[in-house]
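One structure below.
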Amino acid sequence: MDRKAFYKLTSGLYIIGTQAGEKRAGCVVNTVLQVTSTPAQLLVAINKENFTCGVVKEAGRFSATVLAQGIEPRIIGTFGFATSADTDKFSMVPTAVTAGGQPYPSVGGVAVFDCKVVNTVDVGTHLLFIGEVEDSAVLGAGEPLTYAYYHSVLKLKTPQKASSYNPDEE
């Protein structure tokens with residue numbers, strides 16, 4: 001199987017932010033999909049071993065920020081290659097909070113969604129959170145960062161806990 005074929009799937013890159021009590025967590029994901037328009041719902045896949053997954057479960061809420069092609073690679077590095085278990089990633093970048101109280105980076109994105117979890121599906125290594133969109137905003141102009149652009153132009157690696165991680169990439 002040529003695992004690089006998965007890089008050809010059209011998907012973007014997103015930062016998922018969440019907060020439960022004093023715990024703030026965030027991570028980069030490449031699986032966020034609009035699943036319905038009425039009610040407006042998004043689906044996000046997060047690795048069960050990712051600290052952010054546990055905080056989303058506890059909070060029952062998350063933000064999803066659509067990343068821009070022009071995002072600083074250090075922001076991707078912060079959210080994609082460190083753990084929120086011992087690092088407050090949001091203290092390292094300018095941050096805003098959604099109406100529902102969820103943190104998101106206020107730079108490097110083109111849109112943000114504020115979601116309340118309405119369903120969770122276990123798919124083995126990942127949980128699929130289905131969130132009802134309670135608010136959304138356009139953050140700026142620019143093109144969304146696609147997974148293909150991330151690999152072909154930025155030539156960056158995929159974190160091991162990503163749903164599209166390819167061990168042959170090492």
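The values are calculated or read from the model by the stated rules, or taken from the named source; none is laboratory data. Values in this document were obtained by computation on a predicted structure and should not be read as measured data. Heads up, the Cβs are rebuilt from the backbone with ideal geometry, glycines too, and the neighbour counts pull from every protein chain shown. All accessible areas refer to the heavy atoms of the entire protein, side chains included, with ligands and DNA or RNA removed. Shrake-Rupley method; radii C 1.70, N 1.55, O 1.52, S 1.80 Å.
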- Item | J(HN,Hα) series, segment 108-121, from Karplus relation 6.51 cos²θ - 1.76 cosθ + 1.60, nearest Hz, glycine and proline x | x, x, 10, 7, 9, 10, 10, 10, 9, 5, 10, 7, 9, 10
- Message: Restricting to Cα pairs below 8 Å that are 6+ residues apart, what does the relative contact order work out to for the chain? Please round to a whole percent.
- Response: 28 percent
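Based on the Kirkwood radius over alpha-carbon pairs, what is the Stokes-Einstein translational diffusion coefficient of the chain at 37 °C with 0.692 mPa s viscosity, in µm²/s?
Values: Rh = 15.8 Å.
My calculation gives 208 µm²/s for D.
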- Note on the structure: Amide H neighbours of residue 81 at under 5 Å, excluding residues fewer than 5 places away on the same chain, with H built from the backbone geometry, are none
- 5 angstrom amide H check on residue 69, placed H, neighbours 5+ away: 143, 145
- ³J(HN,Hα), Karplus 6.51/-1.76/1.60, whole Hz, each residue of segment 54-60, x for Gly, Pro: x, 6, 4, 4, 5, 6, x
- Task: First compute the accessible area of the chain with a 1.4 Å probe, then give the percent of it belonging to carbon and sulfur atoms.
- Result: 53 percent
- Query: Averaged per residue, what accessible area in Å² does the chain show with a 1.4 Å probe, protein chains only?
  - Reply: 49 Å²
- Item | With at most 14 neighbouring Cβ atoms within 10 Å, loop trypsin sites (Lys or Arg not before Pro) (DSSP) excluded, longest segment of the chain | 49-154
